[in-house]
Every structure is written in structure tokens, then in C-alpha cells.
Amino acid sequence: DAGVIQSPRHEVTEMGQEVTLRCKPISGHNSLFWYRQTMMRGLELLIYFNNNVPIDDSGMPEDRFSAKMPNASFSTLKIQPSEPRDSAVYFCASSHGLEKYNEQFFGPGTRLTVL
Amino acid sequence: AQSVTQLDSHVSVSEGTPVLLRCNYSSSYSPSLFWYVQHPNKGLQLLLKYTSAATLVKGINGFEAEFKKSETSFHLTKPSAHMSDAAEYFCVVSDRAGGFKTIFGAGTRLFVKA
């Protein structure tokens, strides 16, 4: 049974370039979350979707960040233009709804380095 | 307002000795509580969760946690540490009151010495 799939696993880009991170949630899960993890700030929730609809994007740091979920099996997180301070590990997670007892299943993460 | 505090940023134990990772939470209602583990360069994996059933929750790899409402605590324990337990551990509180809220603790890094 495939878990949450993220691609790419590693991304190195130069400042100013557009970066697109991809996520495929677990089949049947209808909630999807994007997180960012850094040493300084720990794990931060950026945005989450329920039934493909963005529910709360208050964690998105700036307008340079955008996320979409065009269908139940795919989501993207885009940074345009990228900056060195965006360097982090970005995790996607999915769950079977937004009830408080629903655990989230995490992907392996995308390690982004912006030079 | 919800919050979660992991009382130790680092814990070091010897292999074969008990593990205690401390977590205190604040929630206005009846939350669910989780412990996740993150091994180096990996995603987070659920260890166990409390959802208002039994207060002593058993998880994977011999870990367990006890929900103590009077102390607002959800400490993670294991009787005997193994080298493979070296990882970062996150305590998480989740509630639905006022909208979906899931708060991650800052994490506790567990070191296991041979």
C-alpha cells in the first residue's frame, strides 16, 4: 500500500527561480496538508485542503507561495520567485478527514535548497 | 487556546535503560493527542494516539503514553531503549473546537548511547 508520495525528493535551485513541489496523498484520504520544517522554526503548517478545497492558508509565509489541489490525488506547492530563506524540508501529509482523532500520514519530504 | 510544550529539547539515555519524553498540553476542550517519531532524513511516523478511550495508550516499538488530564500531560515512555530509537519525537494536540486545530510541539531529540 503506497503511502504519501512526494517529488522531487531533493531540489537545488537558484534564487529567483520557480520551484514546484508535488504530492500524491494516500488514496481515499480527503484532507491534505503542506508543512515546512527548518532548524530555526521547527515544523510549520503552511496550508491544508479538505475535499480539494483550501481551508486555511494562514501559514503561507508570503504571496510568493501558492498551493493547488486540482483533484483528490494531486497537489502542488509553488514558490515563485524562490529565495535562499525558503531552503527547508517540505512535507506533505494526508488524513481521512479533519476530525480531531484522525492521524496524519506524512510523505518522505522534499529537501529544497535555494542558492 | 491550544498549545503543546515538550519540556526537553534533548534527552540522552543508555541502551537498555528507560525512556521518558515529557509533553504538556493546553486545550479548552477534549483534545486528541499524538506522538510522532521522525528518523533522520525521513518523514514523521505515528507512534500512538489518545482519543478519549483508555488513558494508557500503547504504540509501536514498545512505546506507550499516559493521558493525565489533571496534570495536562501526555508523557511518552519505553521500558528499555534501543539504538534504533534514536530520533526526534513530536507531541501533537488536535481539536475541532472553533475549527480544525493541530499543534505540533517543538520536538525532543532522543540520543541512545551504547
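One line per residue, one yes/no per condition, for (1) within 15 Å of the chain's Cα centre (by Cα); (2) at pLDDT below 95; (3) assigned to a strand (DSSP E or B); (4) farther than 28 Å from B:Leu48 by Cα:
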residue: A:Leu21; (1), (2), (3), (4): yes, no, yes, yes
residue: A:Ile55; (1), (2), (3), (4): yes, yes, yes, no
residue: A:Tyr90; (1), (2), (3), (4): yes, no, yes, no
residue: A:Leu98; (1), (2), (3), (4): no, yes, no, no
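Can you tell me which residue is surrounded by the most Cβ atoms within 10 Å (Cβ to Cβ) among those in segment A:60-76 that are outside any strand (DSSP E or B) and touching a residue at least 40 places away in the same chain (Cβ under 8 Å)?
Top of the filtered list is A:Ala72.
Conditions tested, residue by residue: (1) touching a strand residue (DSSP E or B) at 6+ places or on another chain (Cβ under 7 Å); (2) closer than 22 Å to A:Asp86 by Cα; (3) exposed (fewer than 14 other Cβ atoms within 10 Å of the Cβ).
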position: A:Met15; (1), (2), (3): yes, yes, yes
position: A:Val19; (1), (2), (3): yes, yes, no
position: A:Arg22; (1), (2), (3): yes, yes, no
position: A:Pro25; (1), (2), (3): yes, no, no
position: A:Met39; (1), (2), (3): no, yes, yes
position: A:Phe49; (1), (2), (3): yes, yes, no
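Within the set of pairs 6+ apart or on separate chains, which have a first residue in segment B:43-59 that is among the small types (Gly, Ala, Ser), a second that is at pLDDT 90 or above and outside any strand (DSSP E or B), and C-beta atoms under 8 Å apart?
B:Gly43/A:Val4; B:Gly43/A:Gly107; B:Gly43/A:Pro108; B:Gly43/A:Gly109
Quick check on segment B:67-105: of everything there that is surrounded by fewer than 16 Cβ atoms within 10 Å (Cβ to Cβ) and either at pLDDT 95 or above or of a type in the set (A, V, I, L, M, F, W, C) (or both), which residue is nearest to the chain's Cα centre (by Cα)?
Only one residue fits best here, namely B:Thr77.
Return the residue satisfying two criteria in turn: it lies in segment A:77-88 and is part of a loop (DSSP other than H, G, I, E, B) and closer than 13 Å to A:Thr20 by Cβ, and of such residues it is farthest from the other protein chains (Cβ to nearest Cβ).
Applying the filter and picking the extreme gives A:Pro81.
I'd like the residue in segment A:27-37 that is among the hydroxyl-bearing types (Ser, Thr, Tyr) and over 11 Å from the mean Cα position of the chain (by Cα) and, out of all such residues, is surrounded by the most Cβ atoms within 10 Å (Cβ to Cβ).
Out of the qualifying residues, it is A:Ser31.
For the condition more than 13 Å from chain B (Cβ to nearest Cβ) and closer than 23 Å to B:Val4 by Cα, what is the one hit in A:Met40, A:Met60, A:Met15?
Of A:Met40, A:Met60, A:Met15, the one residue that is more than 13 Å from chain B (Cβ to nearest Cβ) and closer than 23 Å to B:Val4 by Cα is A:Met60.
Collect the residues in segment B:7-44 that are surrounded by 16 or more Cβ atoms within 10 Å (Cβ to Cβ), within 12 Å of chain A (Cβ to nearest Cβ) and of a type in the set (Ser, Thr, Tyr), keeping them in residue-number order.
Listed by number, the residues that qualify are B:Ser27, B:Ser32, B:Tyr36.
In segment A:89-115, what residues are more than 10 Å from chain B (Cβ to nearest Cβ) and either crowded, with 21+ Cβ neighbours inside 10 Å or under 30 Å from A:Met15 (Cα atoms) (or both)?
Listed by number, the residues that qualify are A:Tyr90, A:Ser94, A:Thr110, A:Leu112, A:Thr113, A:Val114, A:Leu115.
Of all strands (runs of 3 or more DSSP E) completely enclosed by segment B:1-57, which ones contain at least 2 residues that are under 28 Å from A:Pro25 (Cβ atoms)?
Because the criterion is at least 2 residues that are under 28 Å from A:Pro25 (Cβ atoms), the strands (runs of 3 or more DSSP E) in segment B:1-57 that meet it are B:3-6, B:23-26, B:32-38, B:44-50.
Under 26 Å from A:Glu99 (Cα atoms), out of contact with any Ser or Thr (no Cβ under 9 Å at 6 or more places or on another chain) and among the acidic types (Asp, Glu): does that describe B:Glu66?
no
Restricting to segment B:66-114, and then to whatever is of a type in the set (Phe, Trp, Tyr), assigned to a strand (DSSP E or B) and within 11 Å of chain A (Cβ to nearest Cβ), can you tell me which residue is farthest from A:Phe33 (Cα to Cα)?
B:Phe90
The values are calculated or read from the model by the stated rules, or taken from the named source; none is laboratory data. It should be emphasised that the depicted structure is a prediction, and the values quoted were computed from it without experimental measurement. Quick reminder, even Gly has a Cβ in these numbers, built from the backbone with ideal geometry, and neighbours come from all protein chains shown.
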